[in-house]
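Undergrad: Have a look at this one.
The values are calculated or read from the model by the stated rules, or taken from the named source; none is laboratory data. Please read all numbers here as calculations on a predicted model, not as lab measurements. For neighbour counting, all protein chains shown are included, and Cβ atoms are generated from backbone atoms with ideal geometry for every residue, glycine included.
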Amino acid sequence: MFVPKRSLKPAIIESIPVLKKRTKPKVWIEAYGCSASMADSEMISGLLKGSGYEIASNQSEGALNLIVTCSVKDTTEHRMVSRIKALSRSGKPLVIAGCLPKADRAKVEALNSSASLLGPHSIESAPAVVGSALAGSPMVALEDSASDKINIPRVRLNPTVSIVEIASGCMSECTFCQTKIAKGWLRSYRIGDIMRQIKSDVEAGCKEIWLASTDNGCYGKDMGTDLVELLNACSSIEGDFMIRLGMMNPMYMPEMLDRMVNTFQENDKLFKFLHIPVESGSDRMLRKMKRGHSAKTFLDAVKTFRSKIPEMTISTDIIVGFPSETESDFEETLNLVERAEPDIVNISRYGARPGTEAAKWKGMRVSSQVAKDRSERLHALAKRIAKKRNSRWQGWQGEIIIDEIGKAVQGRNYAYKPAVLSNPDHASLGDRKRVQVYDFSNFSLKARII
């Protein structure tokens with residue numbers, strides 16, 4: 001005979017219904033800009049998830065909208081303004097994060113006076129800011145935190161890619177750059193902390209480690225080390241992964257060029273890829289930009305790397321139409337690009353950024369039509385060089401890491417060249433596949449699995 005157990009709880013306790021654990025609202029997050037901005041959005045997602053919030057899979061299901069902004073160019077800012085207006089019209093609480101509220105708070109508050117603000121060095125305040133916004137009390141968190149943005153929980157945008165920030169801020173004083181206003185002076189993170197982050201991410205299945213910061217070139221100058229030491233330390237970590245080094249300004253390269261070339265030559269874990277923004281081929285323009293380097297500095301770095309690693313992929317950035325740029329200055333830029341043959345040229349037409357030195361200059365403006373014409377000429381040259389560089393890979397056989405699956409399936413080879421697969425059956429993110437390149441364009445290689 002079954003006899004039910006008698007509860008030892010008092011009757012008054014037994015009469016209270018069991019309360020279900022309340023689930024916090026879903027938050028919609030969208031991010032724009034550089035790798036560091038993407039990493040910030042991943043960490044914000046991780047912190048919110050750790051605090052009980054759910055990350056919405058689409059904007060409609062979010063109870064609150066959060067946008068991680070970028071303000072590096074005027075065209076980017078225009079897009080940010082458009083998105084902020086659209087998100088504001090939804091009527092939901094809004095958190096504006098990233099560089100824009102830090103660099104130009106007045107502009108952001110003019111767009112939405114009831115939005116909460118979260119600075120690029122204040123992301124640990126994300127749960128508090130979101131909670132306050134949902135409670136109807138907008139909160140501003142723009143002060144820089146004393147904590148480094150490393151080893152923070154995250155929700156990755158791409159499960160096979162780990163974006164590891166190695167520092168914040170920079171040591172440059174470029175006359176056109178608003179990012180410095182937002183991110184301030186250099187603060188490098190300790191090599192041991194960076195290594196712990198990479199080890200954790202590799203154990204979690206990441207195959208590509210992206211080292212990101214405002215300027216990787218000056219890494220460690222505030223703490224008695226440098227980028228080469230960091231690369232050697234990170235490359236010593238065991239596991240199946242590759243490291244992509246992010247943007248580094250040319251001014252820091254001469255003092256460590258030979259050591260860096262040796263590190264890239266001797267280490268199979270480093271993608272043979274460099275992003276070195278030269279900005280102009282005219283030394284007069286570079287001085288006005290306060291870049292701290294000459295055109296020769298850039299060209300020497302490219303030639304030194306390519307003399308040892310001919311297939312080295314070089315990416316650079318160029319601004320056309322900078323104040324007072326003459327046709328002669330621009331011709332020097334074309335000449336530099338012709339001689340250096342960068343695989344990738346990111347071209348921007350100059351636009352004045354509020355708060356920067358160049359924005360205050362009078363009477364030096366280059367007409368929009370002239371800037372447009374120069375941009376088109378440079379684009380044509382860059383496309384021709386890109387196709388020529390990609391032609392080197394015709395018939396190449398080797399491994400790629402699958403890192404993008406969308407309308408097409410794409411992987412990266414050891415020089416970080418994108419290879420689009422014609423037979424991607426059964427390919428998953430993070431897989432290594434042996435392929436053969438059968439065609440190419442100025443954008444990518446075309447390959448088939450063999």
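Quick grid of which residues meet (1) surrounded by fewer than 22 Cβ atoms within 10 Å (Cβ to Cβ); (2) closer than 29 Å to ALA352 by Cα:
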position	(1), (2)
GLN265	yes, no
HIS275	yes, yes
SER280	no, yes
LYS288	yes, yes
ARG291	no, yes
LYS296	yes, yes
LEU299	yes, yes
PRO310	yes, no
GLU325	no, yes
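Undergrad: How many of the residues in region 48-67 are among the acidic types (Asp, Glu) and within 23 Å of LYS85 (Cβ to Cβ)?
TA: Step one: filter region 48-67 for residues among the acidic types (Asp, Glu), giving 54, 61.
Okay, now just the ones that are also within 23 Å of LYS85 (Cβ to Cβ), so 61.
Number satisfying all stated conditions: 1.
Undergrad: Additional query: Suppose we keep only residues that are free of Cβ contacts under 8 Å to residues at least 60 places away in the same chain and buried (at least 21 other Cβ atoms within 10 Å of the Cβ) within region 396-409. Which one would you say is nearest to SER422 (Cα to Cα)? Steps first, please.
TA: Here is the first cut: in region 396-409, the residues free of Cβ contacts under 8 Å to residues at least 60 places away in the same chain are 396-400, 405-409.
When the remaining residues are screened for being buried (at least 21 other Cβ atoms within 10 Å of the Cβ), the result is 400, 409.
Working: ILE400: 14, VAL409: 8 Å.
Taking the candidates together, the pick is VAL409.
Undergrad: Taking only pairs six or more apart or across chains, which ones have beta-carbon atoms under 7 Å, a first residue in region 190-208 that is on the phi < 0 side of the Ramachandran plot and free of Cβ contacts under 8 Å to residues at least 12 places away in the same chain, and a second residue that is part of a helix (DSSP H, G or I) and surrounded by fewer than 14 Cβ atoms within 10 Å (Cβ to Cβ)?
TA: Within 7 Å, no pair qualifies.
Undergrad: Of the numbered conditions (1) assigned by TED's automatic domain parsing to the domain that holds LYS269; (2) surrounded by 15 or more Cβ atoms within 10 Å (Cβ to Cβ); (3) not in a strand (DSSP E or B), PRO424 fails exactly one; give the number of that condition.
TA: (1)
Undergrad: Out of the residues in region 332-378 meeting the condition of being assigned to a helix (DSSP H, G or I) and among the polar types (S, T, N, Q), tell me which one is surrounded by the most Cβ atoms within 10 Å (Cβ to Cβ). Write out each step before concluding.
TA: Taking region 332-378 as the starting set, the residues that turn out to be assigned to a helix (DSSP H, G or I) are 332-340, 358-360, 368-378.
Then keep just the ones that are among the polar types (S, T, N, Q); that gives 333, 335, 368-369, 375.
Details: THR333: 24, ASN335: 13, SER368: 12, GLN369: 9, SER375: 17.
This residue is THR333.
Undergrad: Let me ask another. Take the residues in region 314-323 that are within 30 Å of ASP268 (Cβ to Cβ) and crowded, with 21+ Cβ neighbours inside 10 Å, then tell me which one is farthest from the chain's Cα centre (by Cα).
TA: Ranking the qualifying residues of region 314-323, first place goes to ILE314.
Undergrad: Mind counting the residues in region 201-223 that are assigned to a loop (DSSP other than H, G, I, E, B) and of a type in the set (Phe, Trp, Tyr)? Working first, answer last.
TA: Applying the first criterion (assigned to a loop (DSSP other than H, G, I, E, B)) to region 201-223 yields 204-207, 213-215, 219-223.
With the extra rule that they be of a type in the set (Phe, Trp, Tyr), the set shrinks to 219.
So the answer is 1.
Undergrad: Working carefully through the options GLY217, GLY239, GLY205, GLY192, find the one that is under 22 Å from ILE314 (Cβ atoms), assigned by TED's automatic domain parsing to the domain that holds GLY355 and either of a type in the set (Gly, Ala, Ser) or modelled with pLDDT under 95 (or both).
TA: On the way: GLY239 fails: under 22 Å from ILE314 (Cβ atoms); GLY205 fails: under 22 Å from ILE314 (Cβ atoms); GLY192 fails: under 22 Å from ILE314 (Cβ atoms).
Residue meeting the stated conditions: GLY217.
Undergrad: Here's another thing I want to ask about it. Anything in region 45-77 that is among the hydrophobic types (A, V, I, L, M, F, W, C) and outside any strand (DSSP E or B)? List them, or say none. Please lay out each step first, then the result.
TA: Here is the first cut: in region 45-77, the residues among the hydrophobic types (A, V, I, L, M, F, W, C) are 47-48, 55-56, 63-64, 66-68, 70, 72.
Passing the criteria: LEU47, LEU48, ALA56, ALA63, CYS70, VAL72.
Undergrad: Same structure, new question: Quick one: what pairs do we get from region 410-433, first residue without any contact (Cβ under 8 Å) to a residue 60 or more places away in the chain, second outside any strand (DSSP E or B) and not basic (Lys, Arg), C-beta under 7 Å, 6+ apart or different chains?
TA: PRO418/SER444; ALA419/ASN413; ALA419/SER444; VAL420/ALA408; VAL420/SER444; LEU421/ALA427; LYS433/ALA427
Undergrad: Further, regarding this structure: Of the residues MET256, MET260, MET251, MET247, only one is under 19 Å from the mean Cα position of the chain (by Cα) and farther than 18 Å from ARG190 by Cα; which? Explain how you work it out, then say what you get.
TA: Details: MET256 fails: under 19 Å from the mean Cα position of the chain (by Cα); MET260 fails: under 19 Å from the mean Cα position of the chain (by Cα); MET251 fails: under 19 Å from the mean Cα position of the chain (by Cα).
Matching residue, one of MET256, MET260, MET251, MET247: MET247.
Undergrad: Turning to a different aspect of this structure: Hey, THR23 hits all of (1) at pLDDT 95 or above; (2) of a type in the set (S, T, N, Q); (3) over 16 Å from GLY119 (Cβ atoms) but one; which does it fall short on?
TA: Of (1) at pLDDT 95 or above; (2) of a type in the set (S, T, N, Q); (3) over 16 Å from GLY119 (Cβ atoms), only one is false for THR23: (1).
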